[in-house]
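Down below is the structure, laid out as structure tokens.
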Amino acid sequence: MKQLPEHGPCFVCGSDNPHSIGLTWYTDDNGTILSEFTLNEAQQGPPGYAHGGASAAILDEAMGAAVWRAGFNVAVVNLELNYRRPVPLGQPLKLEARLSGQEGRKVFAAGEILLQDGTVAVSGRGIYVEAPQLFEPVRFRNKDE
């Protein structure tokens, strides 16, 4: 497993952003994006549970990272989430995201936020399209970087 570089000001994984959720990304030999993390009151929605927007941001960023790692320089154009279980604050969580296909300009990804026991709390699917003009200063997408 290899740790991926963080993006300084990123809302989900940036160390330069004081409001960042603070995730660290890893990738395995299959290109799956992995993370273990714990959310806190800064991500709260209902008392004791994460806001749905925090889960959406995490899955969008993780699925996008999987697509970037496959060599595509993309932005999300469609994000579909299924909230299956409340995501608790203060408890270890896991995340997995992967490239799931390509059709013309569209690149597809899928991902899940998992509870401690492996139960899927939130699953997501995303459609991404090439958008190099948005990311020229960032070269995170190269597998060797």
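Figures for the structure shown
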read-out: Linear extension gain, residue 100 paired with residue 15, 0.36 nm per residue minus alpha-carbon span; value: 27.7 nm
read-out: Unit Cα scatterers, Debye sum, region 2-134: log10 I(q)/I(0) for q = 0.14 Å⁻¹; value: -0.58
read-out: Computed magnitude of the charge dipole of the chain (debye, nearest 20; Cβ of K, R +1, Cβ of D, E -1); value: 280
read-out: Cα-based helix-to-principal-axis angle, 52-69 vs the chain, degrees rounded to 10; value: 30
read-out: Relative contact order [Cα under 8 Å, 6+ residues apart], the chain, whole percent; value: 22
read-out: Within-10-Å neighbourhood charge of residue 124 [Cβ basis; K, R +1; D, E -1]; value: -2
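Bear in mind that the values in this text are calculations on the coordinates, not laboratory data. Being a predicted model, the structure only gives us computed values, none of them experimental. With ideal geometry, Cβ positions are generated from the backbone for all residues, glycine too; neighbour counts draw on all protein chains shown.
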